[in-house]
Amino acid sequence: MQEERNVFLGFDIGGTGIKAALVDIDQGKLITEKMRELTPKPADPKSVAKVVKKMFDRFDYQGPVGCGFPAIIHNGVAESAANIDKSWIEVNIQDLFSEACGVPFHAANDADVAGLAEVKFGHGNEVDGTIIVLTIGTGIGSGFFLDGKLVPNTELGHLFYKKSVYEHYVSNSARKSEELSWKEWAFRFSGYLTHLEKLFSPDLFILGGGASKKFDKYEDQLDVRTRIVPAEYQNDAGVLGAAMYANERTK
Ligand code: BGC
């Protein structure tokens, strides 16, 4: 007889793509292929909700849905829009998607939910204390965990630096647009980690997002005391963590 599985649907909304999959949250495994659609242009709330609904309808699923979104999310409402359409500010993402799909949605910051997956199923579960998960992509996302518990919306990519914020200087898109070698970029990134180390004395850094796939190209250049590991789930962490978040909010 087949055991009943604890399955939730997770969405990962990004600036370029929207991903979704059904996830077995006890095993930390995607149980369907990851469905992907391009983020519509312009990526205003109405257009994105349409794509979310279209994707939702392709799953045979009725239940709470988790959703990672690249902004500060407070009680389901977007409170920033650094790398997304400004029209999202003050939109209640949970209400918008719940109304579109007819099931409850639970929205949280994308790096926070990716961190949930890495901390429970990745290297994070080997370590107590303070873990900082950084996603290095178009921006810098951060998930901050104390003894396994998420401290939401830390936005450590937005610490001020050189009249701007760190993410403009150390993100993967900054590396590409400024045509930095991995060595040049790593020198900057190491400075950023040193700054975080001084502020928080973490026990572990987990690096996710696009640049984490190339960890071997720069790991030797990162000169910090704290242990650093690449994310285990990389591209899947977003949907996996989103599904875990739906479960947490439904308990
Ligand atoms: C946003 C964060 C987000 C990160 C990664 C940043 O620009 O401010 O909320 O987590 O990008 O998508």
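The values are calculated or read from the model by the stated rules, or taken from the named source; none is laboratory data. This one's a predicted model, so the numbers in the text were calculated from it and none came from an experiment. Don't worry about glycine lacking a Cβ; one is built from the backbone with ideal geometry, like all the others, and counts go over all protein chains shown. Protein only, heavy atoms only, side chains kept; ligands, DNA and RNA dropped before computing areas. Shrake-Rupley method; radii C 1.70, N 1.55, O 1.52, S 1.80 Å.
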Once all protein chains are kept in place, residue 123 shows an accessible area at probe 1.4 Å, nearest 10 Å², of 50 Å²
Looking only at lysines whose Cα falls under 29 Å of residue 54's and that sit 8 or more positions away or on another chain, we get 19, 29, 34, 41, 46, 86, 251
Taking alpha-carbon centroids only, the range 1-80 lies from the range 177-212 a number of Å equal to 28 Å
Scoring only Lys, Arg, Asp and Glu (+1, +1, -1, -1) among other residues with Cβ under 13 Å from the Cβ of residue 77 yields -3
Lys pairs in the range 123-231 with Cα under 18 Å (8 or more apart in sequence, or on separate chains) total 7
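With the radius of gyration and the Kirkwood radius both derived from the Cα set of the chain, what is their ratio Rg to Rh? Don't skip to the end; give the middle numbers.
Details: Rg = 17.5 Å, Rh = 18.2 Å.
That ratio equals 0.96.
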Between residue 147 and residue 95, the two model label points (7 Å from Cα along the beta-carbon direction) sit apart by a distance in nm of 3.6 nm
Counting only protein heavy atoms with a 1.4 Å probe and every protein chain in place, the carbon and sulfur fraction of the accessible surface of the range 123-231 in whole percent equals 49 percent
Note: residue 126 to residue 187 extended length (0.36 nm per residue) minus current alpha-carbon separation gives 19.2 nm
What helix-only [θ] at 222 nm does the chain give? Using -39500 (n - 2.57) per DSSP H run of at least 4, over all residues, to the nearest 500, the answer is -9500 deg cm²/dmol
A correct Karplus calculation of ³J(HN,Hα) over the range 64-72, with 6.51 cos²θ - 1.76 cosθ + 1.60, θ = phi - 60°, whole Hz and x for Gly and Pro, returns x, 10, x, 8, x, 9, x, 7, 5
Checked the range 37-109 against the a/c 1.5 cut and the a/b vs b/c comparison, axes a ≥ b ≥ c from its Cα gyration tensor; verdict oblate
Place a point 7 Å from the Cα of residue 203 in the direction of its beta carbon; the residues of the range 110-127 whose amide N falls under 11 Å from it are 124-127
Residue span residue 227 to residue 249: 0.36 nm per residue of separation minus Cα-Cα distance leaves a gain in nm of 4.8 nm
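Among the DSSP beta bridges whose two residues both lie in the chain, what percent are antiparallel, rounded to the nearest 5?
Numbers: 28 of 46 bridges.
Taking every DSSP beta bridge with both residues in the chain, the antiparallel ones total about 60 percent.
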Distance in nm between residue 24 and residue 219 label points, each 7 Å along Cα→Cβ, equals 2.9 nm
Each label sits 7 Å from Cα toward the beta-carbon; between residue 159 and residue 179 the label points are separated, in nm, by 3.1 nm
Here the net charge surrounding residue 184, from other residues whose Cβ is less than 15 Å away from its Cβ (Lys, Arg +1; Asp, Glu -1), is +2
For the chain the mean separation of alpha carbon contacts under 8 Å (6+ apart) over residue count, i.e. relative contact order in percent, is 23 percent
Here the gain from full extension of residue 54 to residue 86, 0.36 nm per residue of separation minus their alpha-carbon distance, amounts to 9.2 nm
